[in-house]
Amino acid sequence: MTGGALPGPGNFVGHGGIRLAADTWGEPSSPPLVLLHGGGQTRRAWGRTGPRLATLGWQVIAPDLRGHGDSAWSADGDYALDLFAEDVRAIVAGLDGRPVLIGASLGGLASLLAAGEAPSAAVRALVLVDVAHRPDPRGFRRIVAFMRGHPDGFADAGEAAAAVSAHLPHRPRPSDPEGIRANLRPHGERWVWHWDPRMPDSFEGRMDPPGMAERLLDAARSADVPILLVRGGISDVVREDVAEQFCVRVPRARRVDVAGAGHMVAGDRNEHFLDAIVPFLQTIE
């Protein structure tokens with residue numbers, strides 16, 4: 001692990017022995033903090049967040065979730081939420097000390113179940129990034145539709161960047177589309193997203209099944225750790241009333257909104273995201 005701004009490589013073993021690639025920043029002797037990206041993203045989503053948190057005294061670990069980035073794919077194509085939660089438990093068990101978990105979307109749901117359901121992962125606190133107990137179905141369907149789009153891939157990074165800009169019209173288009181190449185992998189003469197293409201099939205209908213909302217609320221209460229819900233101010237996935245209800249029903253939860261950010265809060269407004277979470281991190285014992 002490295003102490004500078006550049007990430008060091010790492011590997012973890014998830015549930016069932018699956019290999020999980022990771023980037024790390026900070027000193028091994030610092031308290032651990034794990035960044036868990038959303039569905040369809042990779043650990044590169046935290047490329048600006050990880051180094052900054054390391055300078056504040058954290059040992060930061062950002063893994064690729066199973067089926068994403070450089071991590072291994074589920075052999076049977078199964079990407080049930082419980083499998084992601086089991087991977088989080090395995091990551092936490094491999095660390096020295098109780099970490100803070102910062103999870104965006106899918107990463108937040110997996111963190112919540114890992115910390116709040118038996119066998120509970122021993123964590124210090126949770127930061128849930130634009131995820132609560134009940135997603136807005138319109139926003140969720142839009143994400144799945146994006147993941148299903150362009151099954152034949154792209155001719156180059158510019159085409160992929162244009163697809164992202166169409167999906168996230170509120171975010172300024174990058175001046176250099178080559179930055180998106182870390183989220184792509186070569187497939188013949190084309191470039192495809194760096195995730196298992198079977199994943200959207202596994203996600204469909206599984207993220208908000210009957211009883212899931214109460215299960216997530218129960219997990220949040222049972223975790224019995226400080227929880228910060230960071231909602232994107234213009235999110236179409238977590239409605240304001242749902243975020244408020246989550247905090248009312250989970251005694252140790254509080255909420256902050258990041259103005260101008262959509263569902264991908266850190267990617268949309270990273271500096272404001274850091275401004276929202278750092279005061280919370282400074283209160284954790």
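Every number in this text was worked out from the coordinates using simple rules, so none of it is lab data. Quick caveat: nothing in here was measured; it's all calculated off a predicted structure. Here Cβ is always computed from backbone atoms with ideal geometry, including for glycine, and neighbour counts include all displayed protein chains.
Tabulated data
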{"read-out": "Region 41-150 - charge dipole about Cα centre, Lys and Arg +1 at Cβ, Asp and Glu -1, debye rounded to 20", "value": "540"}
{"read-out": "At 0.890 mPa s and 25 °C, Stokes D of region 34-78 from Kirkwood alpha-carbon radius, µm² per second", "value": "217"}
{"read-out": "q = 0.10, 0.15, 0.23 Å⁻¹: log10 I(q)/I(0) that the Debye formula gives for region 14-112, counting C-alpha atoms only", "value": "-0.23, -0.52, -1.22"}
{"read-out": "Over region 144-285 - Rg/Rh using Cα atoms and the Kirkwood inverse-distance radius", "value": "1.03"}
{"read-out": "Net lengthening on full extension, Glu244/Ala162 (0.36 nm per residue, minus Cα-Cα)", "value": "26.1 nm"}
{"read-out": "Sequence ranges 45-52, 218-225, 61-68, 116-123, ranked by mean other-Cβ count within 10 angstrom, highest first", "value": "61-68, 45-52, 218-225, 116-123"}
{"read-out": "Kirkwood hydrodynamic radius of the chain, from inverse mean 1/r over distinct Cα pairs, in Å", "value": "18.8"}
{"read-out": "Stokes-Einstein D (µm²/s) once Rh is taken as the Kirkwood radius of region 65-128 over alpha-carbon pairs, at 20 °C in 1.002 mPa s", "value": "180"}
{"read-out": "Two-decimal Rg to Rh for region 189-268 - Kirkwood Rh, Cα set", "value": "1.06"}
{"read-out": "Debye, to nearest 20: dipole size of region 97-147, +1 on Lys, Arg Cβ, -1 on Asp, Glu Cβ", "value": "100"}
{"read-out": "Cα pair count fraction exceeding 12 Å, expressed as % - region 162-215", "value": "76"}
{"read-out": "Estimated [θ] at 222 nm from DSSP helical runs (n ≥ 4, -39500 (n - 2.57)) normalised by residues in the chain, nearest 500", "value": "-10000 deg cm²/dmol"}
{"read-out": "For region 153-219 versus region 261-285, the gap between their alpha-carbon centres in whole angstrom", "value": "22"}
{"read-out": "J(HN,Hα) series, region 217-223, from Karplus relation 6.51 cos²θ - 1.76 cosθ + 1.60, nearest Hz, glycine and proline x", "value": "5, 4, 5, 4, 5, 5, 4"}
{"read-out": "Dipole of region 32-151 [Lys/Arg +1, Asp/Glu -1 at C-beta], most positive-end residue of Ile143, Ala80, Ala115", "value": "Ile143"}
{"read-out": "P(r), alpha carbons of region 109-177 - 5 Å bins starting at zero, rounded %", "value": "3, 12, 16, 16, 14, 13, 12, 9, 5, 0"}
